[in-house]
Structure formats: structure tokens, C-alpha cells
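Beneath this line is the structure, given in C-alpha cells, with notes to follow.
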């Protein structure tokens, strides 16, 4: 049983959860299951679940430490519409879930190998119904546009920590999504030079 000390906290999650929610509430269905890939500390999904109680929220993370944190946040907040976290490696095709009405992934694409993004998009193509939304949040490169200084420094730091990480080219993500049956719906500028990228399943 995880202890209270296993509850993690992310300053960036506390900063960006409000702006992300403002977009999410216009994208998500009124009912159904929302699968979050790479839930991290669990603070995002706990916040969203409290504000959208009509939805069932399914967190996931490949890290045992993250899953323990999610469990403790659910317990601490007495949240009743968040399921136990699943162990999902996005790069694998063997996910322990067969359906989701919507999916979200926050700050995952740049802090994981490209194979994880490919797997995420393939997973959305498998799990989502027609019209189901996938929302991605984080920093992106765009063709013909230089990275702003803060994102360039962040990208260099990511690649120094793991050469397989780094800020992805948005056009690469979009073209890969299209091969998985997803169509780009919107790209929304967010605070701190981030984007919310919304796809829908054909």
C-alpha cells in the first residue's frame, strides 16, 4: 500500500491545469471514459475529475512511483470518478484497455522517445470512437519557425538528459496521426510557449 509520502507534486501541473481545463471542457464529451496517458503525479487528472464529475477518468503511467502517487491523490481528495491507474507503456501495442471516449496526454511527447508518440497515436486510433478527441499539450517546433529562446534551452536540456527526447516537429506529429485515422481539429496557443493540439478520430 503506497504511503502518503508517495504523493508527488509538480509545479508545472499546478500552473497549467487551469488553461488546459478551459480548453478540455469544450473538447470532451459529456459522459464516457477519458484515458490519460503518462499521468505523472496525478494532479492533472484529479483536478479535471473534480470539475467534470460526469466523466469517468482513467489515469495511466508506466512508472510505479507515478502510479503510487496517483493512488494517493485519489485517496487524499476522496475522488470517486477516477479509476485505479493502469500500467501503460505508450510505445507498446499491448494496452490493458480496449476503449476510451477521449484521450489526453500532457507534457509527454517531448519527454519520451519518438516511438512513444507513435504508439500514443496508434493507441488513439484503436481505442477512440468516431469523433473521439485526443488532446496533446506541450511545446512543439513548427516548420519554418525558430524555437523561442526558452524552448531552445529546454530542448537542449532534454536532449542532454536523453538523446531520444526533445521538442517534436508539429508537422511530424500531425502526419503520423493521419496514418492512424486521426485528423487535426485545432492548434491553440497556450501560456509559456506551449500548444494544445486536438485531434479527432475519423
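The values are calculated or read from the model by the stated rules, or taken from the named source; none is laboratory data. Note that this is a predicted model, so its numbers are computed, not measured. Here the Cβ positions follow ideal geometry from the backbone for every residue, glycine too, while neighbour counts run over all protein chains shown.
Values computed for the structure shown
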read-out	value
Condition met for residue 163 (in contact (Cβ under 8 Å) with a residue 60 or more places away in the chain and surrounded by fewer than 20 Cβ atoms within 10 Å (Cβ to Cβ))	no
Residue 187 vs. criteria farther than 23 Å from residue 18 by Cα, surrounded by fewer than 17 Cβ atoms within 10 Å (Cβ to Cβ), without any contact (Cβ under 8 Å) to a residue 24 or more places away in the chain and touching a strand residue (DSSP E or B) at 6+ places or on another chain (Cβ under 7 Å)	no
Any hit, the range 126-143, residues being modelled with pLDDT of 95 or more, in a helix (DSSP H, G or I) and either farther than 25 Å from residue 12 by Cα or touching a strand residue (DSSP E or B) at 6+ places or on another chain (Cβ under 6 Å) (or both)	yes
Residue list for the range 39-59, restricted to those being touching a helix residue (DSSP H, G or I) at 6+ places or on another chain (Cβ under 8 Å) and under 17 Å from residue 100 (Cβ atoms)	39, 44, 45, 48, 52, 55, 57, 59
Considering residues of the range 1-28 that are part of a loop (DSSP other than H, G, I, E, B) and surrounded by 16 or more Cβ atoms within 10 Å (Cβ to Cβ) only, the residue modelled with the highest pLDDT	28
Of the criteria (1) surrounded by fewer than 18 Cβ atoms within 10 Å (Cβ to Cβ); (2) within 20 Å of residue 124 (Cα to Cα), which one residue 50 fails	(2)
Output for the range 37-63, where each listed residue is under 23 Å from residue 93 (Cβ atoms) and in a loop (DSSP other than H, G, I, E, B)	38, 39, 40, 59, 61, 62, 63
Selected residue [closer than 25 Å to residue 160 by Cβ and in a strand (DSSP E or B)] from 105, 66	105
From the options 59, 96, residue that is under 28 Å from residue 179 (Cβ atoms), crowded, with 18+ Cβ neighbours inside 10 Å and touching a strand residue (DSSP E or B) at 6+ places or on another chain (Cβ under 6 Å)	59
Residues of the range 111-127 that turn out to be farther than 16 Å from residue 61 by Cα and free of Cβ contacts under 8 Å to residues at least 40 places away in the same chain, as a count	1
Hits in the range 171-184 (condition: free of Cβ contacts under 8 Å to residues at least 60 places away in the same chain and under 15 Å from residue 116 (Cα atoms))	172, 174, 176, 177, 180
